[in-house]
1. Please compute the length gained on full extension between His4 and Tyr315, using 0.36 nm multiplied by the number of residues separating them and subtracting their Cα-Cα distance.
2. Work out, step by step, the length gained on full extension between Thr207 and Asn150: first 0.36 nm times the residue separation, then minus their alpha carbon distance; give nm to one decimal.
3. Calculate the translational D of region 143-293 in whole µm² s⁻¹ from Stokes-Einstein, where the hydrodynamic radius comes from the Kirkwood formula applied to all Cα pairs, the temperature is 20 °C and the viscosity 1.002 mPa s.
4. For n ≥ 4 DSSP H runs only, could you compute -39500 (n - 2.57) per run for the chain, divide by its residues and tell me the 222 nm figure to the nearest 500?
5. Tally the DSSP beta bridges in the chain and give the antiparallel ones as a percent, rounded to 5.
6. How large is the convex hull of the Cα atoms of region 1-59 per residue, expressed in Å³ as a whole number?
7. Using a 1.4 Å probe on the protein heavy atoms only, what accessible surface does His104 show? Give it in Å² to the nearest 10.
8. Determine, from the Cβ-Cβ distance of Leu368 and Arg120 and an R0 of 35 Å, the FRET efficiency 1/(1 + (r/R0)^6), rounded to the nearest 0.05.
Amino acid sequence: MLTHLFWILFGLIAYTYLGYTLIILLISLFVRKYDNPSIADSDLPSISFIIAAYNEMAILPKKIENCLQINYPRSKIQFIIITDGSTDGSEKLAERYDQIRFLHQAAREGKMAAVNRAMRQVSTSYTIFSDANTMLDKNSVKWMIVSLLNPKTGCVAGEKRILNQTKDSASGAGEGIYWNYESLIKKLESKVGSTIGAAGELFGIRTELYEAPAKDTIIDDFVISLKVALKGFYIKYQHKAIATEHASLSINEEKKRKIRIAAGGFQVLFRMPQLLNVFKHGLLSFQYFSHKVLRWLVVPFSIPLLAFLNIFLVYQQPSVLIYLVALLLQMLFYFFAIIGFLVQKSKLRAKILFVPYYILMMNYTTLLGLVRYIKGQQSAAWEKAERSK
């Protein structure tokens, strides 16, 4: 019985981190290329561009300048910045930038409430969303719209990139490597169907498909994009639409961000059970289960349990070499995780050293996110993580 459980847990972990990627890679080899239409600049549609910015005065002027440099007909793009609840004077930037429409109210009701309020001001057919601390490539918006012009596409996710340093700490190295891995999966998912969710750094939708999530929604970008997919439209990944940001300032700041995202993931899991209806949503449900649900509900419990089972099986069956090898490999993994923990603040060139520690940190914060969700302690108001400079 314990032997079977060991191999089941091993298989689930291996499938989540490697097997699923290989399967969608294989599927992608047999899928016809999904072509986007070509369009002249003069024919580009009018769009709205929304930025929810709570107390972002330190970065907001730079973000605005970045937006004003976007390569898109100026007469066809309306920028809306919503600063609800901000107390740092960021709403006063409206006096300096008459090209930007600012929305502000004194009450802070959370990011989702702010976005819903901004969306009521949108009259264009397409809407782009971006975070205040994210800088965009000048052609990113054009690439997003080109993808959205395909009638089968309802949402487009941009490519998030973490600024690389020659030497980096655990937070920077881990987040950078993780997002490179995520980008690969998202590209493959997009090729075979829909990528599973968009990130708030940069994504866009057909405005008519916007369905306002509840005000207490924790990860609004994920929910908005998946609601589009549930309507039968694709979420496509546009790797040429590049959004760049700094890594979290420290591993503690990264933990804060990961816990919030995990709590939001469990909120989605229980509020949108229809995503698991494989008979209705087919490939989308398979991708959602493989890419997200296993990471949230299975792997965080499987990793420590696998180690304990391995120790017991080596003790019970010392002559079975495979269990001894598996235990030695696990010990090596945890050894490097401990090294990563001890030197987490050091700037190292060998960034791969931090990967075991970052993997364990992610799964630990997923468990903390579950506890926070069950206790109802996760506020919808965004508690931003400090970023490195």
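The values are calculated or read from the model by the stated rules, or taken from the named source; none is laboratory data. Quick caveat, the model's predicted, so the values are computed rather than measured. Backbone-built Cβ (ideal geometry, glycine too); neighbour counts: all protein chains shown. Just so you know, the surface numbers come from the protein's heavy atoms only, side chains and all, with ligands and any DNA or RNA stripped out. Shrake-Rupley method; radii C 1.70, N 1.55, O 1.52, S 1.80 Å.
1. Roughly 110.3 nm would be gained on extension.
2. Result for the pair: 19.1 nm of gain on full extension.
3. 134 µm²/s
4. Value at 222 nm, helices only: -14500 deg cm²/dmol.
5. 35 percent
6. Here the figure is 242 Å³ per residue.
7. 80 Å²
8. About 0.50, to the nearest 0.05.
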